[in-house]
Structure formats: structure tokens, C-alpha cells
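Below is one structure, written out as C-alpha cells, with a few remarks after it.
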Amino acid sequence: MLLAVLSPVGHLAAQRAPAAAVNALPPAAQRAYYQTAFEQKAAQLYIKLGLSADGLPLSVFRKGLVGYYNLRPAGKRTSAPPVLTLLDFSRPSKQKRLWVINVEQGKVLFHTLVAHGKASGADVPVAFSNKNGSEMSSLGFYRTAATTYTGKHGLSLRLIGLDPGFNTNAESRAVVVHGAEYVCQDFVKSHGRLGRSQGCPALPVAETTAIVKAIKGGSVMYLHGPEEAGYRSRWLNVDTAVTAFAGLQ
């Protein structure tokens with residue numbers, strides 16, 4: 001009976017059960033409650049953000065959110081901004097395929113173009129690598145560096161790869177967020193696609209400064225690719241994500 005009262009579905013969907021009542025449940029029931037609450041959070045946030053209209057599949061958003069909570073574990077206070085940057089590289093470069101989302105505020109901060117590595121493919125990337133000199137994009141979860149720097153592409157932000165075998169050479173490869181003139185609609189009109197980088201997620205020049213400032217400081221980035229790329233990650237563990245989600249409620 002208690003579980004039925006606490007269930008975060010139906011007419012109780014927008015309500016939060018009292019912590020004491022949830023804590024009184026048996027462990028398995030607590031788990032079921034928070035699992036349901038997490039899935040509801042993902043679906044509600046997806047709808048609120050209008051991501052379906054933008055072409056981002058719920059499944060991709062959910063993966064990013066799972067990683068976000070795994071990388072913001074309960075009980076560990078962090079100064080990192082509550083921001084999730086999603087790059088959907090299963091989509092063509094001519095489409096806006098980068099989202100910067102403030103998860104706590106439930107707000108899309110930016111939705112824009114982003115380039116992939118020149119050796120990953122023409123318009124739609126099909127190949128990915130963690131190897132130095134590959135000039136390919138690298139899939140997976142990243143943390144952003146604490147500070148920015150000014151390089152040959154202007155204001156830039158280093159990325160720290162968190163998925164062994166997929167992106168952990170990001171620092172040695174100098175895979176960074178930076179602006180590039182070839183990331184713009186004019187280039188798409190002339191070439192049918194964006195220009196390509198040496199593996200960096202390059203942004204439109206006019207938006208780079210604002211985006212870099214919003215995501216610096218240890219926020220989470222998820223670079224998603226086509227299913228056939230074979231990406232797998234410890235950060236996609238739903239059980240640990242739900243545990244972290246529960247601790248942050």
C-alpha cells in the first residue's frame with residue numbers, strides 16, 4: 001500500500017514523496033521508486049526542453065543524463081556547473097547537433113552547429129578513434145577543464161576524456177573546444193556540409209566565447225555516435241546513476 005501511495009506516476013507525477021516515507025520503504029521498493037522517478041525526470045525534462053522538435057532522440061538524451069548523474073555522485077559537493085553538453089554525431093554536420101543544457105534549471109542554453117574530425121567522414125561521421133594523429137572525433141564522456149586558454153583558434157577549452165579506449169587521449173591529442181570559420185551556414189550552403197577539424201568539436205566563432213564560458217569548470221560533455229560505432233561505457237550504468245540521482249533529490 002505504501003509503495004502505491006509513493007509511486008511517482010499518474011496523478012502524483014509532479015509531486016515528490018516525503019523523504020521519511022521513502023526511507024521507510026524496503027530497499028527494493030526504494031530502488032523501484034527512484035528508478036521510476038529518474039525515468040520520469042528524463043522524460044519530463046526532454047519534453048520541457050523541446051528536444052524532440054530539435055531532432056534529438058529521447059534515447060540519446062537519456063544516455064547523456066545517465067552519464068551526467070554518474071559523474072555528479074551524491075554526497076560529493078562540486079563547484080562544476082550543472083550543465084550537460086550533448087553532441088549527437090549520428091546526425092549530419094549540416095544540422096544543429098550540439099545542445100548545452102542546464103539540468104537543474106531545465107533550460108537549453110545553446111543549440112548550434114558543431115564540426116567533427118576530418119577523418120571521421122564527410123557530412124555524417126562514421127569512424128571514430130582515440131589514437132594520436134587520427135584526425136577523428138572521439139566518442140564518449142568528457143569533463144571540461146577548469147580554465148580556458150587562448151590559442152591559435154582564439155578562446156579555447158581543453159577536454160578530459162573519461163572513457164578508456166574511446167577518448168582518454170583527448171589531452172595528448174589536443175582535442176579542445178574552439179571556434180572555426182568553417183562552422184557556419186554559409187559554409188554549408190557552399191559545400192553541403194560543415195568544414196571539419198582535426199578531431200576537435202569546433203563551434204561557430206560568434207558563439208564560442210559564450211559556450212566556452214558556460215561549460216568550463218568541470219561540466220559534463222557527451223559525444224554520441226551511431227550505434228554501429230560500438231561505444232560502451234561505465235558511465236552508462238543506470239543503477240549507479242539512479243543512486244546518485246536519489247542522493248541529489
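The values are calculated or read from the model by the stated rules, or taken from the named source; none is laboratory data. If you're wondering where the values come from, they're calculated on a predicted model, not measured in any experiment. Positions of Cβ are generated from backbone atoms using ideal geometry, with glycine treated the same way; all protein chains shown enter the neighbour counts.
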I'm trying to understand the selection: among the residues of region 220-235, which are touching a helix residue (DSSP H, G or I) at 6+ places or on another chain (Cβ under 8 Å) and under 17 Å from VAL83 (Cα atoms)?
VAL220, MET221, TYR222, HIS224, TRP235
Take ALA42 and tell me if it is in a helix (DSSP H, G or I) and closer than 20 Å to TRP99 by Cβ.
yes
In region 157-205, which residue that is polar (S, T, N, Q) and surrounded by 16 or more Cβ atoms within 10 Å (Cβ to Cβ) is nearest to the chain's Cα centre (by Cα)?
ASN167
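Considering each of GLY179, GLY192 in turn, give the residue that is touching a strand residue (DSSP E or B) at 6+ places or on another chain (Cβ under 9 Å) and at pLDDT 95 or above.
On inspection, the qualifying residue turns out to be GLY179.
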Just one of TYR222, TYR182 is in contact (Cβ under 8 Å) with a residue 12 or more places away in the chain, in a loop (DSSP other than H, G, I, E, B) and not aliphatic (A, V, I, L, M); which is it?
TYR182
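Here's the yes/no breakdown for (1) within 24 Å of SER190 (Cβ to Cβ); (2) crowded, with 17+ Cβ neighbours inside 10 Å; (3) modelled with pLDDT of 95 or more:
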position	(1), (2), (3)
LYS94	yes, yes, yes
ILE101	no, yes, yes
VAL114	yes, yes, yes
GLY121	yes, yes, yes
PRO125	yes, yes, yes
GLY133	no, no, yes
SER138	no, yes, yes
Take the residues in region 230-248 that are of a type outside the set (D, E, K, R), closer than 26 Å to SER90 by Cα and in a loop (DSSP other than H, G, I, E, B); name whichever of them is farthest from the chain's Cα centre (by Cα).
GLY230
